[in-house]
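This report refers to the structure that appears directly beneath it.
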Amino acid sequence: MADKIYGIMAEFDTPTQLVDAANRVREAGFKKTDAFSPFPLHEIDEALGIKRSILPYMIFASGITGLLGGLGLVYFVHVIDYPIIVGGRPHFSLPAFIPPMYELTILFSAAMAVFGMLFLNGLPAPYHPVFNVPRFALATREKFFLLIEAKDELYDYEKTRAFMEGLGGQEVFDVPE
C-alpha cells in the first residue's frame, strides 16, 4: 500500500490550525506540500514556503513584446512597405502609431496572463488524487486540509504519518494514487 500512495493528508477545523500546521511542516523541511481551503488564505503561501510567481514578469515581457511588435508593424507598413504621405505628415508619425502599439501591448499582456496562469497552475487538470479521499468534498464548504506528497525527499510513510498525526488535526488520511 505504501508504494501506491500519493501522500498523507490531515484535516483541520479552522484556518488558524491549518496555518500553524503548515508552518510546522515547512519548519520540518518538507517541500512537496499543499493546502486546501474553502476560501483564500493569504498567509498560507508564506506558511508553506511558496515563492512568488514569475507570472507578473512574464506579463510585463509580453507587454513589451506587444509594444515593440506594434511599433515594428506600423513602421514597416508606413515607412518601408507602403510609404504614402497622408495629410502632409512624415512617414514615421509616432502619435498616429500609438493606438495600434497600445492595443497590441494589451492584447499580448492579456493573452500571457490567461495562458501563463493556466500553464503555471498545471491546468486543465480534471483529476487529482486527493479526490479519492471521501472527506475531501468538505474542502469546498467547511474543512481545511494539508497534504504532504510521497515525492518529498523527507517522506517516510511511518514517520510522516506520525508527524501529521502530531499536528493536532481532526483526522489523517492516506491519499491513494
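The values are calculated or read from the model by the stated rules, or taken from the named source; none is laboratory data. Keep in mind that this is a model prediction, so the values were computed, not measured. Neighbour counts run over all protein chains shown; Cβ positions are idealised from the backbone, glycine included.
Would you confirm whether or not region 84-91 contains a residue that is on the phi > 0 side of the Ramachandran plot and either at pLDDT 95 or above or outside the structural domain of residue 34 (by TED's automatic domain parsing) (or both)? The answer is yes, given that some residue of region 84-91 is on the phi > 0 side of the Ramachandran plot and either at pLDDT 95 or above or outside the structural domain of residue 34 (by TED's automatic domain parsing) (or both).
Of all residues in region 10-38, those satisfying the criterion of being assigned to a loop (DSSP other than H, G, I, E, B) and either closer than 17 Å to residue 174 by Cα or touching a Leu at 6+ places or on another chain (Cβ under 9 Å) (or both) are 28, 29, 30, 31, 32, 37, 38. Within region 114-122, does at least one residue satisfy the condition of being more than 30 Å from residue 177 (Cα to Cα) and not assigned by TED's automatic domain parsing to the domain that holds residue 24? Among the residues of region 114-122, not one is more than 30 Å from residue 177 (Cα to Cα) and not assigned by TED's automatic domain parsing to the domain that holds residue 24, which makes the answer no. No other residue among 97, 131, 60 is at pLDDT below 95, assigned to a helix (DSSP H, G or I), under 21 Å from the mean Cα position of the chain (by Cα) and not polar (S, T, N, Q) apart from 131.
For region 46-60, filtering for residues that are surrounded by 14 or more Cβ atoms within 10 Å (Cβ to Cβ) and within 23 Å of residue 100 (Cα to Cα) leaves 2.
For region 140-150, indicate whether the set of residues that are farther than 30 Å from residue 60 by Cβ, assigned to a helix (DSSP H, G or I) and modelled with pLDDT under 95 is non-empty. Within region 140-150, one or more residues are farther than 30 Å from residue 60 by Cβ, assigned to a helix (DSSP H, G or I) and modelled with pLDDT under 95.
Restricted to region 39-57, and to residues there that are part of a helix (DSSP H, G or I) and not charged (D, E, K, R), the residue that is nearest to the chain's Cα centre (by Cα) is 55.
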